[in-house]
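The structure appears below as structure tokens.
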Amino acid sequence: MTEKKELTCIKCPRGCGILVETEQGRIVSISGNQCKNGKEYAEKEVTAPTRVLTTTVKVLSGTEKVVAVKSKEEIPKEKLLPAMEQIKEITVEAPVILGETILEDLCGTGIPLVATACVTRKRDKTI
């Protein structure tokens, strides 16, 4: 039985509507893409979807309460929720530097979680 999946390509600004047809989990046709990037996107999205995860991590003693972070590379889509569960348990101490590795191995993927912003340390008040 042929299954059809409609996608909107995100590889370029065109946003092509792509139709992927599969049989028994194998791709039999891809149509609607206007470039090779669309075909590659559709193949990956149907067989092994991945995403870059962006979120925040709690910061102690910082001028901000959280710092923006992201996975350094795309991680498997099925790892997104477990990764968020892992991340919500993380707290870092200020200062945090842009590009700093917050976690070496995000959810067993081998991919680091890195800071995408800086947070400075709060100055102690003096009397």
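The values are calculated or read from the model by the stated rules, or taken from the named source; none is laboratory data. Values in this document were obtained by computation on a predicted structure and should not be read as measured data. Every residue, glycine as well, gets a Cβ built from its backbone with ideal geometry; the counts of neighbours run over all protein chains shown.
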Open item on the list: For the range 50-68, give me each residue that is surrounded by 19 or more Cβ atoms within 10 Å (Cβ to Cβ) and closer than 16 Å to D105 by Cα.
Closed with: L53, V57
TODO: Could you look through the range 43-77, keep only residues that are in contact with an Asp or Glu (Cβ under 7 Å, 6 or more places away or on another chain) and assigned to a loop (DSSP other than H, G, I, E, B), and pick out the one that is farthest from E3 (Cα to Cα)?
DONE: S61
TODO: Tell me which residues, restricted to the range 26-49, are buried (at least 17 other Cβ atoms within 10 Å of the Cβ) and within 22 Å of T109 (Cα to Cα).
DONE: Y41, E45, V46
TODO: Can you work out which of the residues in the range 98-115 that are in a loop (DSSP other than H, G, I, E, B) and among the aliphatic types (A, V, I, L, M) is farthest from K88 (Cα to Cα)?
DONE: L98
Open item on the list: Considering only the range 78-94, I want to know if a residue exists there that is more than 30 Å from R123 (Cβ to Cβ), assigned to a loop (DSSP other than H, G, I, E, B) and in contact with a strand residue (DSSP E or B) (Cβ under 8 Å, 6 or more places away or on another chain).
Closed with: no
Open item on the list: So, in the range 69-85, how many residues would count as being surrounded by fewer than 16 Cβ atoms within 10 Å (Cβ to Cβ) and more than 9 Å from the chain's Cα centre (by Cα)?
Closed with: 5
Task: Set K11, K36, K58: member being among the charged types (D, E, K, R) and modelled with pLDDT of 95 or more - done: K58
